[in-house]
Amino acid sequence: MTAAGLTGGITTLQRADHLLRRLAERLPLPAGAFATTHLVRDPDPGVALALVLPGPGPLPGTLAGAAAGEGLAVVTGTPWLADAERRAAGRAVVFPGSEALPDSLTLADLYATTAVGRAEVLGGTVPDPGAYLDTCGHVRPQWEGGELLLRLMPSRGGRYVPFEIPDPHPCCGGH
């Protein structure tokens, strides 16, 4: 396994998602790669990015040029990067199967075609694998217990949607 982290003034998950997708296209990442976000406090509060490849590779060196073009620095040896390598923490933006997710599929199909291992409705209820998920084009599972967990909310007609929405708006309109 090869891992590298990126930091550099990323303050929102939306920007982090955009950067990870762009980097995944430019590098490109091999099959089995994961790109995750991590909320960090030190040295500066913000969002850090982790890229984890399934085998050995020149990731940190290859990544340096792409990162510099985005104003990011490549880092190694951080606690959050170790968590990404161990699949202990992180919010997955790029993961096996994420590039081909349709707008709607059953949870059983989600498990069969992606690295997502399970889903829970807020509150801990486990939905039936035959239930439908409307992806909204935005599926962001999180590492929990060594597998990717997708948190869901009920939707109309017995369907589900991911808990995290693509474009959250700040509360109170900037008061």
**Asked** Can you give the helix-only mean residue ellipticity at 222 nm for the chain, where every DSSP H stretch with n ≥ 4 adds -39500 (n - 2.57) and the sum goes over all residues, rounded to the nearest 500 deg cm²/dmol?
**Response** -6500 deg cm²/dmol
**Prompt:** Tell me, what are the semi-axes, in whole angstrom and largest first, of the equivalent ellipsoid of segment 2-94 as set by the roots of 5 times the Cα gyration tensor eigenvalues?
**Reply:** 17, 15, 12
**Prompt:** With charges only on Cβ, +1 for K and R and -1 for D and E, what is the dipole size of segment 2-94 about its Cα centre, in debye, rounded to 20?
**Reply:** 160 debye
**Request:** Kindly put Phe163, Phe34, Phe95 in sequence by how many other C-beta atoms sit within 10 Å of each C-beta, fewest to most.
**Result:** Phe163, Phe95, Phe34
**Complete:** Cα-only Rg/Rh for the chain with Kirkwood Rh rounds to 0.98
**Request:** Using amide H atoms built 1.01 Å from N in the peptide plane, name the residues 5+ places from Leu152, or on other chains, whose amide H lies under 5 Å from its own.
**Result:** Glu120, Val121, Leu122, Phe163
**Item:** Rel. contact order, % - alpha carbon contacts under 8 angstrom, at least six apart, the chain
**Value:** 20 percent
**Item:** Taking only Cα atoms of segment 98-162, radius of gyration then Dmax in Å
**Value:** 10.6, 32
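Where a number appears in this text, it was derived from the coordinates with a stated rule and is not lab data. Just so we're clear, the structure is a prediction, and the values are computed from it rather than from any experiment. Every residue, glycine as well, gets a Cβ built from its backbone with ideal geometry; the counts of neighbours run over all protein chains shown.
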